[in-house]
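Visitor: Below: one structure in structure tokens.
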Amino acid sequence: MSDLKRKIKSLAAAHPFIWKTFKKGQEWEYDLQYERFYGRFSTTTASIREINLEFCSACNLRCRFCALDHLKPKSYMSVEVMDRVFEALLYDERFSRVRQINLHNGGETLLHPQRLDLFQRIRHHKVLFEKQKRAFPKIILLTNGMLLREKLARELLELKVLDEVGFSLDGGSPQAFEEMRVNAKWARFAENVKAFSGLRDELDPSVKTFGICIVPEPHPLNDSWMHPDFQEVARLLNSVEYRRLHDWGGQVDIGENAAVNKKGCSMLINQMVVLPTGEVTVCCNDLNGQGIIGNLREESLYQIYSGEKRMRYIKLLKEGRKDELELCRECVSF
Ligand code: SF4
Ligand code: SF4
């Protein structure tokens, strides 16, 4: 998400009237996108603009608001599954709109035991794209930051594959951070962010950093009221999105803040998510694989994109029949 979009979203979320208007606009946008990509006169170009890769299904934290099923079996993405995504982007023109690979979904990306192998493989694909004069998608890592120690930060920055690195830093004070992000230690997190920022300046200043910060009510959506130690770390980042808790597809109670979209979903139009098993789901709100629409080990990315299971989501959300989709029924986020 661009800085401008983050700012607009933060502003809209802070004012109920603007937020409701914003949600209505999202429904109209869906109608337009539907006609463009799935209507009678559409072409074969895929609507999706970003793909999320879940390297690891497990997480080292237990955040109070997390919707991830921490009891599900751990799985790790293989190089083969990841290759299928990059090969589709390189050789299949129908995915020409994909401009972004997000290295996150459920779980913590950096918990993958062979994480460096996967990052080196991304480097390999980047070189292939360059040789074929194809634009390589932006690579965005979102992490809880606990494992991004100096050594790993240096290794990742030296590979020159990351365009943006995001950190989750909720709460507004070291104490609130540790209360919300159970198992996280503020001192370790702050040290890692500081080390990463310094190394970024030295090794690859083109890498942008951002933060996603859940602000508890009734505090305003900015850092003016925050603890100085928290402010110091947040201000090292190029941008921070301050926001209220969102509902992870209705699995987390966010109170009365939300206006429900009766139809449409920009996430569904713009995104697909590849899980470590090769399974593909419709959006990054689906942390526990309720919306599986295919498996990259058995079908191509385009077959999954255009397959019956995904089309059912696309059509039902166009017709405002969200209630018929178990995954989407309670989702008020997008
Ligand atoms: S870091 Fe993310 S995946 Fe891990 S427990 Fe927290 S919210 Fe859940
Ligand atoms: S759960 Fe459904 S409505 Fe919510 S973001 Fe995902 S696809 Fe969209």
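Visitor: For region 85-120, give me each residue that is more than 14 Å from the chain's Cα centre (by Cα), within 16 Å of ligand 1 (Cβ to nearest atom) and part of a loop (DSSP other than H, G, I, E, B).
Guide: Answer for region 85-120, where residues must be more than 14 Å from the chain's Cα centre (by Cα), within 16 Å of ligand 1 (Cβ to nearest atom) and part of a loop (DSSP other than H, G, I, E, B): just HIS112.
Visitor: Only residues in region 60-79 that are without any contact (Cβ under 8 Å) to a residue 40 or more places away in the chain count as the first member; pair them with residues that are hydroxyl-bearing (Ser, Thr, Tyr) and surrounded by 12 or more Cβ atoms within 10 Å (Cβ to Cβ), Cβ under 6 angstrom, at least 6 apart or cross-chain, and list the lot.
Guide: LYS74/SER57
Visitor: Next up: So ARG134 ticks every box in (1) over 21 Å from SER78 (Cβ atoms); (2) assigned to a helix (DSSP H, G or I); (3) in contact with a helix residue (DSSP H, G or I) (Cβ under 7 Å, 6 or more places away or on another chain) but one. Which box is left unticked?
Guide: Unmet condition: (2).
Visitor: Still on this structure, I have one more. Within region 51-66, which residues are more than 9 Å from ligand 1 (Cβ to nearest atom), in a loop (DSSP other than H, G, I, E, B) and more than 12 Å from the chain's Cα centre (by Cα)? It would help to see each step written out before you state the result.
Guide: Restricting attention to region 51-66, the residues satisfying the condition of being more than 9 Å from ligand 1 (Cβ to nearest atom) are 51-57.
Restricting the remaining residues to those that are in a loop (DSSP other than H, G, I, E, B) gives 54-55, 57.
Those that are more than 9 Å from ligand 1 (Cβ to nearest atom), in a loop (DSSP other than H, G, I, E, B) and more than 12 Å from the chain's Cα centre (by Cα): PHE55, SER57.
Visitor: I'd like to check something: does region 178-185 contain any residue that is in a helix (DSSP H, G or I), farther than 26 Å from ASN105 by Cβ and in contact (Cβ under 8 Å) with a residue 12 or more places away in the chain?
Guide: Applying the first criterion (in a helix (DSSP H, G or I)) to region 178-185 yields 178-180.
If we keep only those that are farther than 26 Å from ASN105 by Cβ too, we end up with none.
The answer is no; no qualifying residue exists.
Visitor: Select the helices (runs of 4 or more DSSP H) contained entirely in region 256-322, then report the ones holding at least 1 residues which are closer than 30 Å to PRO218 by Cα and modelled with pLDDT under 95. It would help to see each step written out before you state the result.
Guide: On the way: elements: 266-270, 301-306, 308-318.
Qualifying helices (runs of 4 or more DSSP H): 266-270.
Visitor: So if I check each of TYR91, TYR76, TYR34, TYR30, which one is of a type in the set (Ser, Thr, Tyr) and closer than 18 Å to GLU299 by Cβ? Can you show your working first?
Guide: On the way: TYR76 fails: closer than 18 Å to GLU299 by Cβ; TYR34 fails: closer than 18 Å to GLU299 by Cβ; TYR30 fails: closer than 18 Å to GLU299 by Cβ.
So the residue among TYR91, TYR76, TYR34, TYR30 that is of a type in the set (Ser, Thr, Tyr) and closer than 18 Å to GLU299 by Cβ is TYR91.
Visitor: Now for a different question. With the checklist (1) away from ligand 1 (no atom under 16 Å from the Cβ); (2) crowded, with 20+ Cβ neighbours inside 10 Å; (3) in contact (Cβ under 8 Å) with a residue 60 or more places away in the chain in hand, flag the one item GLY294 doesn't pass.
Guide: For GLY294, the exception is condition (3).
The values are calculated or read from the model by the stated rules, or taken from the named source; none is laboratory data. All figures in this text were calculated on a predicted structure; none of them were measured in a lab. So basically every Cβ, Gly included, is an ideal-geometry build from the backbone, and we count neighbours across all protein chains shown.
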